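Presented below is the structure to which this report refers.
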Amino acid sequence: MSIRVGIVGISGFGGGEALRLIAGHPSFELVYAAGDGSAGSRLVERFPGVPTALANLVIEKWDPDALPHLDVLFASLPTGASADALSRVPKEVKIVDIGGDHRYAEGWTYGLADVWPERIRGARRVANPGCFPAATLNTLAPLLAGGLITPGNIVIDAKTGISGAGRGGGGSFGYAESNENLQPYGLLEHVHMPEMATGIEHLSGGSAAGLVFTPHLVPMTRGLLVTIYCRGSASTAQCLEAARDFYADRPFVRVTDRPPQTKWAAGSNLSFVSYAADPARDLVIGLGVVDNLGKGAAGQAVQNANLLCGLPETAGLEGAPLWP
């Protein structure tokens with residue numbers, strides 16, 4: 001079975017990662033690529049290592065009113081750039097929006113694939129979670145669903161690789177400013193805060209009031225780690241058991257006794273979670289790791305598209321992580 005897919009925003013990091021995954025997908029056929037800055041170029045000119053079968057595909061200027069016949073469109077556009085344009089895509093085309101314009105928007109399904117796969121199957125419009133919410137909510141979901149922690153006053157300390165800023169990040173995300181440096185940013189107002197709060201409330205049925213989220217940029221290309229401080233009287237063993245039960249039939253979440261490391265997930269769609277708890281102090285620490293371009297972006301987008309199309313959700317995503 002050949003499913004015709006397109007990617008808009010293909011020259012960015014998220015779009016490029018989607019290209020890499022789709023190129024090796026057993027059912028997806030890339031027939032359309034679009035991007036304003038790279039329009040007119042062949043794929044091989046932007047991605048010299050692209051498979052020969054895709055080398056001469058010409059990147060077109062993005063125009064939602066002039067699409068070829070597609071079954072699925074992956075949109076990897078900056079926040080604020082997709083809402084109007086994607087509303088003009090024909091309704092019969094399934095869309096996975098990797099960008100931030102449609103998360104919890106009316107008419108769109110929130111695509112936290114490891115937690116709510118049943119909501120995604122049969123949908124036509126899916127909004128990919130942000131990279132920080134993907135790692136955070138996957139880590140918290142078993143604890144919140146099991147009532148092992150309180151949903152309020154959660155503190156999230158996060159570290160991400162530079163590619164999380166996107167190819168156009170520039171500025172303080174350049175090599176000279178980032179190498180041998182550690183930068184906190186987005187204090188108290190990061191765009192992912194409302195998304196995480198909403199996810200916490202949906203999972204727990206309670207209020208996420210008092211949520212604190214502080215992201216940090218670290219000098220590595222890929223990887224994202226969240227350390228989450230919660231209130232709860234559960235033991236470490238109870239947290240791990242709850243997570244193993246919650247994710248028993250989920251192919252991409254790995255529950256580990258050891259604190260996870262970003263290298264474990266590099267280049268993959270895996271999500272690692274672990275916990276440490278001290279009931280005497282009413283303290284539970286959750287640890288989550290994803291590749292910010294994998295589970296945090298294009299990997300989860302392909303997983304969502306698999307669910308949309310009725311395919312095994314592991315299709316095209318079973319490659320091992322990069323090591324070292």
Next item on the list: Among the candidates Arg20, Arg4, single out the residue that is in a helix (DSSP H, G or I), among the basic types (Lys, Arg) and within 26 Å of Gly267 (Cα to Cα).
Entry: Arg20
Next item on the list: Kindly list the number of the only condition in (1) basic (Lys, Arg); (2) open to solvent by 10 Å² or more (accessible area, probe 1.4 Å); (3) in contact with a strand residue (DSSP E or B) (Cβ under 9 Å, 6 or more places away or on another chain) that fails for Lys295.
Entry: (2)
Notebook entry, point to check: Which of the residues belonging to the stretch 207-232 are of a type outside the set (A, V, I, L, M) and without any contact (Cβ under 8 Å) to a residue 60 or more places away in the chain?
Noted result: Ser207, Gly210, Thr214, His216, Pro219
Notebook entry, point to check: Residues Val155, Val89: which one is open to solvent by less than 20 Å² (accessible area, probe 1.4 Å) and of a type in the set (Val, Ile, Thr)?
Noted result: Val89
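In the stretch 216-240, what count of residues is obtained for those that are in a strand (DSSP E or B) and either among the aliphatic types (A, V, I, L, M) or out of contact with any Pro (no Cβ under 7 Å at 6 or more places or on another chain) (or both)?
9
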Margin query: I need the full set of residues from the stretch 92-117 which are under 30 Å from Ser235 (Cβ atoms) and open to solvent by 10 Å² or more (accessible area, probe 1.4 Å), in order please.
Written below: Val115, Trp116, Pro117
Next item on the list: Working only within the stretch 252-290, note down all residues that are out of contact with any strand residue (DSSP E or B) (no Cβ under 7 Å at 6 or more places or on another chain) and either of a type in the set (Lys, Arg) or within 19 Å of Lys159 (Cα to Cα) (or both).
Entry: Lys263, Ala266, Gly267, Ser268, Asn269, Arg281
Next item on the list: Scan the stretch 51-74 for residues that are within 14 Å of Ala127 (Cβ to Cβ) and touching a helix residue (DSSP H, G or I) at 6+ places or on another chain (Cβ under 6 Å) and jot them down.
Entry: Phe74
Next item on the list: Looking for whichever is free of Cβ contacts under 8 Å to residues at least 12 places away in the same chain and either in contact with a Ser or Thr (Cβ under 9 Å, 6 or more places away or on another chain) or on the phi > 0 side of the Ramachandran plot (or both) here; the options are Asp257, Asp278, Asp282, Asp291. Which one fits?
Entry: Asp278
Margin query: Show the residue pairs meeting these rules: Cβ distance below 7 Å; 6+ apart or different chains; first residue within the stretch 61-78 and more than 15 Å from Ser11 (Cα to Cα); second residue of a type in the set (Ser, Thr, Tyr).
Written below: Leu67/Tyr32; Pro68/Tyr32; Leu70/Tyr32
Next item on the list: Starting from the stretch 235-251, take each residue that is open to solvent by 90 Å² or more (accessible area, probe 1.4 Å) and list its partners that are not in a helix (DSSP H, G or I), counting only C-beta distances under 6 angstrom and pairs at least six apart or across chains.
Entry: Arg244/Val255
Check: (1) among the hydrophobic types (A, V, I, L, M, F, W, C); (2) open to solvent by 40 Å² or more (accessible area, probe 1.4 Å); (3) within 22 Å of the chain's Cα centre (by Cα): which one isn't true of Ala39, the others all being true?
Finding: (3)
Checklist line | Filter pass, Leu224 being at pLDDT 95 or above and either out of contact with any Ser or Thr (no Cβ under 7 Å at 6 or more places or on another chain) or open to solvent by 30 Å² or more (accessible area, probe 1.4 Å) (or both) | finding: no
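Give the residues of the stretch 299-315 that are in contact with a strand residue (DSSP E or B) (Cβ under 7 Å, 6 or more places away or on another chain) and either of a type outside the set (A, V, I, L, M) or not in a helix (DSSP H, G or I) (or both), sorted by residue number. If you could, list the steps in order and put the result at the bottom.
So in the stretch 299-315, the residues in contact with a strand residue (DSSP E or B) (Cβ under 7 Å, 6 or more places away or on another chain) come out as 301, 304-305, 308-309.
Hits for the stretch 299-315 are Asn304, Cys309.
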Next item on the list: Would you tally the residues in the stretch 267-298 being outside any strand (DSSP E or B) and more than 13 Å from the chain's Cα centre (by Cα)?
Entry: 4
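Rundown of residues vs (1) within 23 Å of Ser87 (Cα to Cα); (2) touching an Asp or Glu at 6+ places or on another chain (Cβ under 8 Å); (3) at pLDDT below 95, yes/no style:
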{"site": "Tyr32", "(1), (2), (3)": "yes, yes, no"}
{"site": "Asp36", "(1), (2), (3)": "yes, no, yes"}
{"site": "Val44", "(1), (2), (3)": "no, no, no"}
{"site": "Thr52", "(1), (2), (3)": "no, no, no"}
{"site": "Asn56", "(1), (2), (3)": "no, no, no"}
{"site": "Glu60", "(1), (2), (3)": "yes, no, no"}
{"site": "Asp63", "(1), (2), (3)": "yes, no, no"}
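The values are calculated or read from the model by the stated rules, or taken from the named source; none is laboratory data. What you see is a predicted model, and the numbers here were worked out from it, not measured in a lab. With ideal geometry, Cβ positions are generated from the backbone for all residues, glycine too; neighbour counts draw on all protein chains shown. Areas reflect the complete protein model, heavy atoms only, side chains present, ligands, DNA and RNA absent. Shrake-Rupley method; radii C 1.70, N 1.55, O 1.52, S 1.80 Å.
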